[in-house]
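Reviewing the structure listed below.
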Amino acid sequence: MPPSAQDTENKMSSKVLLVSAVLVGLVALSSCRSLGDLSEQKTYSSAPSDSGSSTPTYGSGTGYKPTPTPSYGSPAPSTTPSTPDFPGIPKNGFTGSCDFWKNHPDVIVAIVGSLGNIGKTFGAACSSIVGKKLDNLHDALTNTKTDGVGALLREGAAAYLNSIVNKKFPFTTQQVKDCILVAVTSDGAASAQAGIFKKANEYHY
């Protein structure tokens, strides 16, 4: 029985698909070989040469010379704060002992504008503890109390003044005030803090 037109068409379609599949396979194989060849070329080109070192050299026989870092303009100014200029006070990092300050009330006035006030300087709590007999910084410096609070007031007042006239003093003005405010509530703490201030006031800290 002769094949129908439908059968003939199906056979032709199958042959076309088979030929297309073969062509696609050949193209894919050719692409893979091309990529493989390219990979081998890259691997070969990246390998070091046997004729010498792969490390580049610069200059004439002296190896690599780093480029010097250029400088621009003048150096930045120092950020260290300058010491204020006060009458009667040496400018080069002066630090006065308790004895110096109590013997120079005129310098205290030149620094703070007056002999100061305990309450305003160290806080109302400190003023209430030490009483009204010690009203200003000079009173604190010359007080004769033998306990820890008396020593703290003497050395603390000196440290307070030193922190103003000498920006390299171990304590800032605010630190001195804070330490006094905390230590004055206990005689033991006051005595210990007075010892620390004394060392700072006498260059031993």
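The values are calculated or read from the model by the stated rules, or taken from the named source; none is laboratory data. If you're wondering where the values come from, they're calculated on a predicted model, not measured in any experiment. Ideal geometry is used to build each Cβ from the backbone, glycine not excepted, and the neighbour counts take in all protein chains shown. Side chains included, ligands, DNA and RNA excluded: accessible areas come from the protein's heavy atoms. Shrake-Rupley method; radii C 1.70, N 1.55, O 1.52, S 1.80 Å.
Annotations
- Positive-pole candidate from 204, 164, 116, dipole of segment 112-205, charges at beta carbon: 164
- Once the Cα-Cα distance is subtracted from the 0.36 nm per residue extended length, the residue 173 to residue 100 segment shows a gain of 24.4 nm.
- Computed with every protein chain present, the accessible area of residue 146 is close to 140 Å² [probe 1.4 Å].
- Accessible surface calculations at 1.4 Å, restricted to protein heavy atoms, place segment 150-205 at 44 Å² per residue.
- Per-residue 3J(HN,Hα) values for segment 105-120, derived from phi via the Karplus relation 6.51 cos²θ - 1.76 cosθ + 1.60 with θ = phi - 60°, read x, 5, 6, 4, 4, 5, 7, 9, x, 6, 7, x, 9, 4, x, 6 Hz in sequence order (x marks Gly and Pro).
- Residues of segment 186-204 with an amide N closer than 12 Å to a point placed 7 Å from the Cα of residue 125 along the Cα-to-Cβ direction: 186.
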